[in-house]
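These notes are about the structure you will find just below.
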Amino acid sequence: MAIWIFYIVFCVLVWSLWIKKLLSSSNTDTQTQRFAVEYRKIVSQPEVSSTTGSLNQRSVVETRIFTENRFIQKVEERNDAVLKNHALASELKLLEDQLVASNLKLQQLQNVHDEFVLQHEIRLESNQRVICQLEEKCLRLEYNDSGLRRKIEERDRLLASKEKDFADQIARQKKVNNNLLTSAGSSR
């Protein structure tokens, strides 16, 4: 997504630079100045008198009117071009403002993303530490449990052997008592 936003920003930037170049390279001012100089030359030319003076004057007047109309048309075209340039400059300014706003929003989103990733990494590291500690405790408990089992098993074996010894002693004692009872009963 960030790549697409960067691509759009790049396209808008290239387009805005192209428009600026187009606006700065307009040569309508020099064309208008050249036309104005030509118009002054024609208007300031003295009228040539000839045998057909009225026809020549008429031709000069028509030429002047045509030239004036052409000059007015060129000035109007220049004014239209200037207005279009101003409109394009305004549109360019608006696009640049939107680009700045988009860049700001993109930066904010990137900051939020970076903060989220950082928090996630911190939580993950903390959880890994806790898991390692729990695994260590489990291993210790298993070790202690196995040690306790061995002790219990040893005690059980010891108790079983003591119980067997005690049972053997009781059996011997009973045998001795029975022998004594039978020998005491036979001696009477």
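Tell me which residues, restricted to region 88-104, are small (Gly, Ala, Ser) and over 14 Å from Ile8 (Cβ atoms). Listed by number, the residues that qualify are Ala89, Ser90. Taken as a whole, the condition of being surrounded by 11 or more Cβ atoms within 10 Å (Cβ to Cβ), assigned to a helix (DSSP H, G or I) and β-branched (Val, Ile, Thr) applies to Val75. Check Gln133, Gln169, Gln107 and return the single one that is part of a helix (DSSP H, G or I), within 30 Å of Ile8 (Cβ to Cβ) and either free of Cβ contacts under 8 Å to residues at least 60 places away in the same chain or in contact with a Lys or Arg (Cβ under 6 Å, 6 or more places away or on another chain) (or both). Exactly one of Gln133, Gln169, Gln107 is part of a helix (DSSP H, G or I), within 30 Å of Ile8 (Cβ to Cβ) and either free of Cβ contacts under 8 Å to residues at least 60 places away in the same chain or in contact with a Lys or Arg (Cβ under 6 Å, 6 or more places away or on another chain) (or both), namely Gln107. On the given criteria, is Gln98 within 24 Å of Ile3 (Cβ to Cβ), out of contact with any Pro (no Cβ under 8 Å at 6 or more places or on another chain) and among the polar types (S, T, N, Q)? So Gln98 passes the test. A residue that is more than 30 Å from Ile3 (Cβ to Cβ) and surrounded by 10 or more Cβ atoms within 10 Å (Cβ to Cβ) occurs nowhere in region 101-109.
Rule-based calculations on the coordinates, nothing more; no lab input. All values derive from a computational prediction rather than experimental measurement. Cβ: placed from backbone, ideal geometry, glycine included. Neighbour counts: every protein chain shown.
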